[in-house]
1. Scan Asp53, Asp63 and give me the residue that is on the phi < 0 side of the Ramachandran plot, over 20 Å from the mean Cα position of the chain (by Cα) and exposed (fewer than 15 other Cβ atoms within 10 Å of the Cβ).
2. Does the stretch 9-23 contain at least one residue that is more than 30 Å from Lys122 (Cα to Cα), modelled with pLDDT of 80 or more and outside any helix (DSSP H, G or I)?
3. So, Pro107, is that one in contact (Cβ under 8 Å) with a residue 24 or more places away in the chain, in contact with a strand residue (DSSP E or B) (Cβ under 8 Å, 6 or more places away or on another chain) and not aromatic (Phe, Trp, Tyr) or not?
4. In this structure, is Pro151 under 20 Å from the mean Cα position of the chain (by Cα) and touching a residue at least 24 places away in the same chain (Cβ under 8 Å)?
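The values are calculated or read from the model by the stated rules, or taken from the named source; none is laboratory data. None of these values were measured; they are calculated from a predicted model. Because the Cβ atoms are built from the backbone with ideal geometry, glycine has one as well, and the counts that use them run over all protein chains shown.
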Amino acid sequence: MNKRRLATIVIVIGAVAIAGTTATYALAQARAGTLSLEKIHTENLPIVMLSIDKATKAIESGDKKTALAELHKARKMLFAIYGAIGTHVKPQFVNNRCPIMGSPINPEKVTKNLVRDYTGQKVAFCCAGCPSMWDKLPNALKQAKLAKVKPTLQKVWTCSMHPQIKLPKPGLCPLCNMKLTAVSTQ
């Protein structure tokens, strides 16, 4: 592989990987909660894609200055998008009651210190004392306690065109805007 092609690949991969600094306007919208998923999909992502395309063409023509400018633009927009999407994503817990106390879990009030990763799943707890008690349990007891507080049957909504989309409430598919259909899961 020649050096020029390798440099092109490295810079394009770097553009995607280093989604870093801030885009002032988009970041302000993200912080204010006014950057909607629709706006991200219809306005912001196309700008990022266009900037990466322009950077790729500039690299291929040897125009490093333009390539870097476009990559910086894409990087700023990606950072704003990342921040905005975080306001729309709700954590998914494997349990709806605390495995230690049995109390109901309010996902809106669960902070980072009230969550533990267990067998690839997020387990939520009701108060600050429960996670440390959980940590001391042997795996067999953790499994037994978790089995008691898992919802048995839960309804999720999915898209017939994009089955990877699974949302906890009805609405439209974020990829194609089709109406989601209800399915039951364990």
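1. On the way: Asp63 fails: exposed (fewer than 15 other Cβ atoms within 10 Å of the Cβ).
The unique qualifying residue is Asp53.
2. There is no residue in the stretch 9-23 that is more than 30 Å from Lys122 (Cα to Cα), modelled with pLDDT of 80 or more and outside any helix (DSSP H, G or I).
3. Details: in contact (Cβ under 8 Å) with a residue 24 or more places away in the chain: no; in contact with a strand residue (DSSP E or B) (Cβ under 8 Å, 6 or more places away or on another chain): yes; not aromatic (Phe, Trp, Tyr): yes.
In short, no.
4. Details: under 20 Å from the mean Cα position of the chain (by Cα): no; touching a residue at least 24 places away in the same chain (Cβ under 8 Å): yes.
Considered against the rule, which asks whether it is under 20 Å from the mean Cα position of the chain (by Cα) and touching a residue at least 24 places away in the same chain (Cβ under 8 Å), Pro151 comes out as no.
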